[in-house]
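Novice: Structure below; questions to follow.
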Amino acid sequence: AAAKKTEKKEKKEKKGDKPKEVEVRKPTEEEAEVLAAVDKMKKAKEDHESVVHGWKLKLKKRTSKEGKADTFDMQVYAPKGKDTVGALKKQPTSVLNVKRAMGILAPAPPSASAAAAEPDASPPAEAEQPPSEVAPARAALYYYKRSKRSAIAEANPEAAPAELVQMMEQAFEALSEEERAPFEEKAAADLTRYEEEIAAESAARAEKEAEKAAAKAEATARKEAEKEAKKEAKKAEKAVAARMFS
């Protein structure tokens, strides 16, 4: 009994040591569609298999004992060649694991109190930059889907959102170079916009950091000057006192 209590306590402590996670960025439109499809598949509670933006989604019913509620295994596979950060290696998976694989979720930085309680002997690392506020560049496929979504949805009223996405991707792949050209041009223009905005954001951040550094240096210099002035004042007081009692 004592051994079991110790084991439970150790498990509880390990669970408590697990770092909290935060969303480090917002999902792109394609990622949001994948997450929405995963959530819908999970809630449907029926065998399902589809591909959304290269992500393979599966929901498979388990064999349950008579009288017991049905259970399902949800499986999600990242597109080939995409680094999943090991988040989807264990099956069944979850919506949170998909977010981890997309790089949307990450461990939260330690709190100030935790950092003070556990001093780090390693050299101080550079401060992490806050997430960029610049909207990501959109691919040609994004502009194609935006222009054709309504028409394809009207032509296929019974199709599920995941099926519509798959139809649009297949239609885009079938386009000739000439037919793709208008969408490629929009993507190229958006990439130029993205690069310009990133450069402007970086410059603004650098300027802000320089202002902070200058203000900090000024404050430090002012404190040192005040400290030195107090020292000189005390020396003068001692000199006056020494003359009075000499």
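Novice: So, taking all protein chains as they sit and a 1.4 Å probe, how much accessible area belongs to residue 104, in Å² rounded to tens?
Specialist: 0
Novice: In square angstrom, what is the accessible area per residue of segment 149-246 with a 1.4 angstrom probe? Intermediate results must be reported in sequence, preceding the final value.
Specialist: Numbers: 7730 Å² over 98 residues.
Dividing the accessible area of segment 149-246 by its residue count gives 79 Å².
Novice: Given a Förster radius of 45 Å and the C-beta distance between residue 134 and residue 232 as r, what FRET efficiency does 1/(1 + (r/R0)^6) yield to the nearest 0.05?
Specialist: 0.30
Novice: Now a separate question. Report the calculated FRET efficiency for residue 66 and residue 160 (r = Cβ-Cβ distance, R0 = 35 Å), to the nearest 0.05. Provide the component values of the computation, followed by the final result.
Specialist: Working: r = 31 Å, r/R0 = 0.90.
FRET efficiency, residue 66 to residue 160: 0.65.
Novice: Where the accessible area of segment 123-246 is counted over protein heavy atoms with a 1.4 Å probe, how much of it, in %, is carbon and sulfur? Don't skip to the end; give the middle numbers.
Specialist: Details: 5400 of 9700 Å².
Of all accessible area on segment 123-246, carbon and sulfur atoms account for 56 percent.
Novice: Between residue 214 and residue 240, what FRET efficiency follows from the Cβ-Cβ distance if R0 is 51 Å, with the result rounded to 0.05?
Specialist: Values: r = 39 Å, r/R0 = 0.77.
That pair, residue 214 with residue 240, gives E of 0.85.
Novice: Right, something else. Can you list the HN-Hα couplings for segment 45-60, worked out from phi with the Karplus curve (6.51, -1.76, 1.60; θ = phi - 60°), rounded to whole Hz and with x for Gly and Pro?
Specialist: With coefficients 6.51, -1.76 and 1.60, one gets 6, 8, 3, 8, 8, 7, 10, 10, 6, x, 8, 8, 10, 9, 9, 10 Hz.
Novice: Further, regarding this structure: Send over the per residue convex hull volume for segment 167-246, Cα only, as a whole number of Å³. Provide the component values of the computation, followed by the final result.
Specialist: Values: hull volume 7.3 nm³, N = 80.
Looking at segment 167-246, the number lands at 92 Å³ per residue.
The values are calculated or read from the model by the stated rules, or taken from the named source; none is laboratory data. As the structure is a prediction and not an experimental result, all values here were calculated from the model. Note that we place each Cβ from the backbone using ideal geometry, even for glycine, and neighbour counts take in every protein chain shown. In case anyone asks, the SASA skips ligands and DNA or RNA and just uses the protein heavy atoms, side chains included. Shrake-Rupley method; radii C 1.70, N 1.55, O 1.52, S 1.80 Å.
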